[in-house]
Amino acid sequence: GRTRSRVPLIAAVGVGIAVLGIGAGALLGGGSADAKNDDSKNVSATGPAADASQQAGGDPAKAQAVALDKLLADSGNSRDTVIKAVADVKVCRNLGRAATDLREAAKQRGGLVTRLSGLAVDRLPGHAELAEALNSAWKASASADTHYAAWADQTAGRKGCHKGQARTTGQTALGNRASGTASTQKAKAARLWNVIAQKYGLTERQPTQL
């Protein structure tokens, strides 16, 4: 009788252990999932803040300098296109394409002016002069591009070319004048910017790169 009574008891103990094992496994599994969730939340929450902090080094002036540096990096994108377009106009070549490229360049300069107006630069040394020089330079460049595009249109018209050379017109003169203004202002802007670039370890630029 005692032998038979032990069988149900042993079975009950075995079932209890199995239940405890399942419960412990569930608890461990749940804890692991929660830990993963917590880790992922921490990474996503701190990542962008850490990047911004490292880039600016906690210095508001440097943050402004870094933002302006990114804008200046785009400022010379259309230079080669403009040089080629004007050269084509002079020899009466690809006039339609040249006019289109010049007008696109003018839009790009206007975009730089708009982007600059959205940047805070008040903590940078010589910021007022720098902003004024950049605005004047890009507006003058846009004006020159527009006049040269009009010159390309004139060159493509009747008697616009003479023996493979474009005739000089009023648009040519206006373009040259605006281009001269742009060059003067870019030289001033480059000088002011390079002081800032040296201070914060950013890219120094020549006037032609603006």
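The values are calculated or read from the model by the stated rules, or taken from the named source; none is laboratory data. Everything numeric here is computed off the predicted structure, so don't read it as measured data. Ideal geometry is used to build each Cβ from the backbone, glycine not excepted, and the neighbour counts take in all protein chains shown. SASA here: full protein model, heavy atoms, side chains in, ligands and nucleic acids out. Shrake-Rupley method; radii C 1.70, N 1.55, O 1.52, S 1.80 Å.
Being closer than 17 Å to Ala98 by Cα, of a type outside the set (S, T, N, Q) and modelled with pLDDT of 95 or more holds for only one residue in Ala173, Ala150, and it is Ala150.
Scanning the range 90-99 for residues that are more than 17 Å from Ala142 (Cα to Cα) and not polar (S, T, N, Q) turns up Lys90, Val91, Cys92, Arg93, Leu95, Gly96, Arg97. In the range 68-88, the qualifying residues are those that are within 19 Å of the chain's Cα centre (by Cα) and of a type in the set (A, V, I, L, M, F, W, C), and the one that is most open to solvent (accessible area, probe 1.4 Å) is Ala73. Screening Thr114 with (1) more than 21 Å from Ile83 (Cα to Cα); (2) part of a helix (DSSP H, G or I); (3) open to solvent by less than 70 Å² (accessible area, probe 1.4 Å) gives one miss only, at (3). Condition test on Arg109, is it outside any helix (DSSP H, G or I) and at negative phi? Taking the combined requirement at face value, the residue does not satisfy it. Residues that are open to solvent by 70 Å² or more (accessible area, probe 1.4 Å), out of contact with any Asp or Glu (no Cβ under 7 Å at 6 or more places or on another chain) and at pLDDT 95 or above do not occur anywhere in the range 45-52. Flag: Val91 matches the condition of being among the β-branched types (Val, Ile, Thr), open to solvent by 40 Å² or more (accessible area, probe 1.4 Å) and at pLDDT 95 or above.
Name every residue in the range 68-83 that is assigned to a helix (DSSP H, G or I) and touching a residue at least 24 places away in the same chain (Cβ under 8 Å), in order of residue number.
Passing the criteria: Leu68, Asp69, Leu71, Leu72, Ala73, Asp74, Ser75, Arg79, Thr81, Val82.
One line per residue, one yes/no per condition, for (1) touching a Lys or Arg at 6+ places or on another chain (Cβ under 8 Å); (2) among the charged types (D, E, K, R); (3) open to solvent by 40 Å² or more (accessible area, probe 1.4 Å):
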{"position": "Arg97", "(1), (2), (3)": "no, yes, yes"}
{"position": "Asp101", "(1), (2), (3)": "yes, yes, no"}
{"position": "Glu104", "(1), (2), (3)": "no, yes, yes"}
{"position": "Pro125", "(1), (2), (3)": "yes, no, yes"}
{"position": "Leu134", "(1), (2), (3)": "no, no, no"}
{"position": "Ser141", "(1), (2), (3)": "yes, no, no"}
{"position": "Asp145", "(1), (2), (3)": "yes, yes, no"}
{"position": "Tyr148", "(1), (2), (3)": "no, no, no"}
{"position": "Thr155", "(1), (2), (3)": "yes, no, no"}
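Taken over the range 195-210, the criterion of being within 14 Å of Leu72 (Cα to Cα) and of a type in the set (Gly, Ala, Ser) is satisfied by Ala197 alone. Each residue in the range 178-210 was checked for being buried (at least 18 other Cβ atoms within 10 Å of the Cβ), over 14 Å from Ala131 (Cα atoms) and polar (S, T, N, Q), and 1 of them qualify. In this structure, does Asn135 turn out to be closer than 18 Å to Lys70 by Cα and touching a helix residue (DSSP H, G or I) at 6+ places or on another chain (Cβ under 7 Å)? Taking the combined requirement at face value, the residue satisfies it.
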